[in-house]
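Following: one structure in structure tokens, then a few remarks.
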Amino acid sequence: MGTATSSMAAKFAFFPPDPPSYNIVVDESTGKMRISDVNQRDNVDVLKLTTRRGNEIVAMYVKSPSASLTVLYSHGNAADLGQMYHIFTELSVHLNVNLMGYDYSGYGQSSGKPSEQDTYADIEATYKCLEETYGVKQEDTILYGQSVGSGPALELAIRLPCLRAVILHSPILSGLRVMYPVKRTFWFDIYKNIDKIPLVGCPVLIIHGTEDEVVDFSHGKQLWELCKEKYEPLWLKGGNHCNLELYPEYLRHLRKFISAIEKLPRLRDVTEQPKDQSEQPPNNTDQIKEKSRASTDQREKGRPSFGQREKSRPSTDNREKARASTDKKEKSRKSIDRSMKARNSTDHSERARNSFDRLGDMVRSVGLCNVDCLRQTAAEV
């Protein structure tokens, strides 16, 4: 089954428009690259980026003068930048965000052939461009993954501890689960989103149509249930895989989400606090505490985590009360406290070890193609 499934995924997974929907042209007056056959806009930059796997991919950056947040958008399986150009520019206007979109290797005018590992390299190169060329910080970045784009989006999300938010649009649990209702993750599976979503510490919005004929609605529901920081999901009644942008609720809900995210504290402020925070009050939200803990795990190996300090406070109170009692009770209680602390410390180390092992397994996932539109409906996108 493993070999057959891998071969099927490799053969049918990708549906880049053939021929591509656009060409790259150079404006003679400015020397800037443009995407052909679209309404040209002065606030759009077209770039070519080289990935760590040696491919040259095409990206576009839409600038919004008053935006404080930037969306990095990974599009669906059977589309390229020529088809997404209008959607990207309109989303930038209506959501008041900067927006960076890119074509996967082998899509549009990007070189190479598409594969799972190439899409990971593609989004890494695009994010690096945002940082180095446009000065965008991860705490001001929202990752948007549509359909198969949820794979590279979540792969990058688990590497950015200060990421502002994630949006998943008709996401997949994994490639194999699109084809078969399996209950466990196999080594040959691809885009193992079901294993990655619990590792994302920032707020996650999930959008899915209830009548999705390509990626069943249950994928979005289960991913939402596994989110650490859930945001109110958008389940579009009657929506299918390729028409969710046509629903008025789609844009309304995105605006609401962006507005809520803009009000959140920037995570950099939390992670740059002094190391000794024992005298400082707890953070305002569980979300900030979790993110701070995740981003400082390596630096904090020699010290108890924030959660451990919280657990130790009831023990401290008990010892204070015990001082009013007999010396015998005091010694007994201190002995119990020491035993409990040792057990908590062991449990904490074990949890951390399991977390890193799980992350390592995901990073070593095989480099097959992505699985998105596995039916003929993909050709209609």
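Just so it is clear, none of the values below were taken in a lab; they were calculated from the coordinates. Bear in mind that the values here come from a model prediction, so they are computed numbers and not experimental data. Glycine gets a Cβ as well: all are built from the backbone with ideal geometry, and neighbour counts include every protein chain shown.
Treating each Cα of region 42-154 as an identical point scatterer and summing with the Debye formula, the log10 of I(q)/I(0) at q = 0.13, 0.18, 0.21, 0.24 Å⁻¹ comes to -0.41, -0.82, -1.14, -1.50.
Listed cross-link partners LYS196/LYS228; LYS128/LYS230; LYS230/LYS256; LYS230/LYS263; LYS32/LYS63; LYS183/LYS237 are compared with a 19 Å cut-off, the Cα-Cα value being larger for LYS128/LYS230; LYS183/LYS237.
The peptide list 121-132, 151-162, put in order of mean Cβ contacts within 10 Å with the highest first, becomes 151-162, 121-132. By the beta-carbon count within 10 Å of each Cβ, the least crowded to most crowded order of TYR191, TYR73, fewest first, is TYR73, TYR191.
Between ARG52 and VAL26, the modelled label-to-label distance comes to 3.1 nm, taking each label 7 Å out from Cα in the direction of the beta carbon.
Principal axis extents of the C-alpha atoms in region 174-252 (largest first, rounded to whole Å): 40, 29, 15.
Around the amide H of LEU236, modelled in the peptide plane, lie the amide H atoms of HIS208, GLY209, THR210, all under 5 Å away and 5 or more residues distant in sequence or on another chain.
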